[in-house]
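The values are calculated or read from the model by the stated rules, or taken from the named source; none is laboratory data. Quantities reported herein were computed from a predicted structural model and do not represent experimental measurements. Neighbour counts are summed over all protein chains in view; Cβ atoms, including those assigned to glycine, are modelled from backbone coordinates with ideal geometry. The accessibility values were calculated without ligands, DNA or RNA, using every heavy atom of the protein model including side chains. Shrake-Rupley method; radii C 1.70, N 1.55, O 1.52, S 1.80 Å.
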Amino acid sequence: MNINWQKLAQIEELKSYFNQDEERFKQQVINYLEQWQKISAEDLDKLAFLRALEITNGCTQWAYRRQDKECLSLEQTRECMQLSMSSIKNKKIPLANGDLITFSPEIEELIDTGRDLYIEAFKRNLARKTQEFYALSTAQFLVYGKQRMDQAFSKIKENYLSYFGEFYINKGINYVRPYLQ
């Protein structure tokens with residue numbers, strides 16, 4: 001895989017990690033890349049969809065916390081959070097047609113690892129875990145690639161437009177875009 005480290009170093013969330021210890025951060029990303037490149041295409045499709053859901057929800061949650069003029073109502077924001085959090089916690093994603101996307105036990109473990117890392121980084125505010133979370137997240141985006149993430153966000157739109165609206169789905173797409181260039 002050809003990685004444009006210079007482009008990644010320009011992403012706002014990653015700048016400090018590249019500035020503090022570029023080699024360490026790169027190695028963390030590479031370590032996760034090696035692990036995630038072993039995952040089947042089918043599982044990567046499912047994981048990319050879960051990640052797109054998670055990101056879109058994050059955009060709605062931050063907008064509500066900041067009280068952006070475009071923020072959803074409290075009820076809508078809670079519905080979005082419930083959908084995303086229950087999908088991550090239960091490792092089952094409900095689709096609009098009633099189907100469920102499920103994961104193998106091995107992939108469920110990866111989801112739990114990512115969730116635990118997120119909690120340590122952003123709920124417990126552990127700086128070293130925040131860096132590790134961003135290394136994992138960067139590796140995920142690199143492995144998923146633009147085409148898979150585009151498909152994941154299209155599927156978000158097909159299934160959850162009534163939850164997030166076009167505006168927040170596009171926010172999610174725009175959040176991921178710099179990682180995929």
Practice task
Could you list, in sequence order, all residues of region 88-120 that are hydrophobic (A, V, I, L, M, F, W, C), outside any loop (DSSP other than H, G, I, E, B) and either in contact with a helix residue (DSSP H, G or I) (Cβ under 7 Å, 6 or more places away or on another chain) or under 22 Å from K157 (Cβ atoms) (or both)?
Solution key: I88, I93, L100, I101, I107, I111, L117
Problem - helices (runs of 4 or more DSSP H) wholly inside region 1-87 containing at least 2 residues that are of a type in the set (V, I, T) and open to solvent by less than 40 Å² (accessible area, probe 1.4 Å) - result: 41-66
Practice task
Please go through region 152-173 and pick out each residue that is surrounded by fewer than 16 Cβ atoms within 10 Å (Cβ to Cβ) and either touching a residue at least 24 places away in the same chain (Cβ under 8 Å) or acidic (D, E) (or both).
Solution key: E158, E166, F167
Exercise for the section: List every residue pair whose Cβ atoms sit under 9 Å apart, with the two residues 6 or more apart in sequence or on different chains, where the first one lies in region 88-101 and is among the polar types (S, T, N, Q) and the second, anywhere, is open to solvent by 80 Å² or more (accessible area, probe 1.4 Å). Expected result: none
